[in-house]
Amino acid sequence: MKLNELRDNDGASKKQKRVARGPGSGKGKTAGRGIKGQKSRSGVAIGGYEGGQMPLYRRLPKRGFTKPNRKEYAVINLGLIEKFVEAGKLDIKVDLTEDVLVAAGLTNHKRDGIRILNKGEIKSAVKLVVSGASAAAVEAIKAAGGSITLPAAAAE
């Protein structure tokens with residue numbers, strides 16, 4: 001193979017559309033912009049402008065409120081915990097704290113704590129120490145012979 005024989009894969013690069021290059025190109029004269037008017041000019045940024053009429057986003061009332069200091073929990077499902085136990089990534093002999101769950105790769109970030117939800121099935125008797133859990137998840141863990149430790153405020 002020589003340098004002059006090198007070429008890109010088929011379909012790897014697309015030919016650029018050349019506008020305003022005469023009538024033979026099919027995109028000559030108005031360059032595909034139609035005729036006159038604001039949108040046919042360069043440098044147009046209309047966005048939500050409605051020709052002077054009050055724009056829709058200003059006519060509609062504001063709704064809701066976003067609490068600036070709200071707690072955001074990382075969510076882990078019981079099925080995922082069971083999957084990691086079966087794969088040998090979690091040791092059920094030790095307490096599974098939030099740091100252990102993050103280190104195992106169940107979630108990327110702890111955020112304001114970890115919350116366990118009852119999605120999937122758990123068969124292993126795990127000992128969890130987390131920030132929160134749904135009532136159904138607590139029941140499922142206890143039914144499997146495990147235990148879960150929650151802060152007093154998080155228990156539902």
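A compact table of results
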read-out: DSSP beta bridges in segment 1-143 [antiparallel fraction, %, rounded to 5]; value: 20 percent
read-out: Semi-axis lengths (Å, descending) of the ellipsoid that matches the C-alpha gyration tensor of the chain; value: 58, 31, 12
read-out: Gap separating the Cα centres of segment 1-42 and segment 104-127, nearest whole Å; value: 53 Å
read-out: Simple label model, 7 Å out from Cα along Cβ direction - S134 to L56, nm; value: 3.5 nm
read-out: Rounded to the nearest 20 debye, dipole of the chain from Cβ charges on Lys, Arg, Asp, Glu; value: 1920 debye
read-out: Segments 13-22, 128-137 sorted - mean Cβ within 10 Å per residue, highest first; value: 128-137, 13-22
read-out: Highest average packing first - 51-58, 67-74, 25-32, Cβ atoms within 10 Å; value: 25-32, 67-74, 51-58
read-out: Ordering of 97-104, 76-83 by burial proxy (mean other Cβ atoms within 10 Å per residue, highest first); value: 76-83, 97-104
read-out: Of K67/K127; K67/K110; K15/K39; K89/K119, those spanning more than 29 Å from alpha-carbon to alpha-carbon; value: K67/K127
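Only the coordinates and a few stated rules stand behind these numbers; no lab work does. Quick caveat, the model's predicted, so the values are computed rather than measured. Neighbour counts are summed over all protein chains in view; Cβ atoms, including those assigned to glycine, are modelled from backbone coordinates with ideal geometry.
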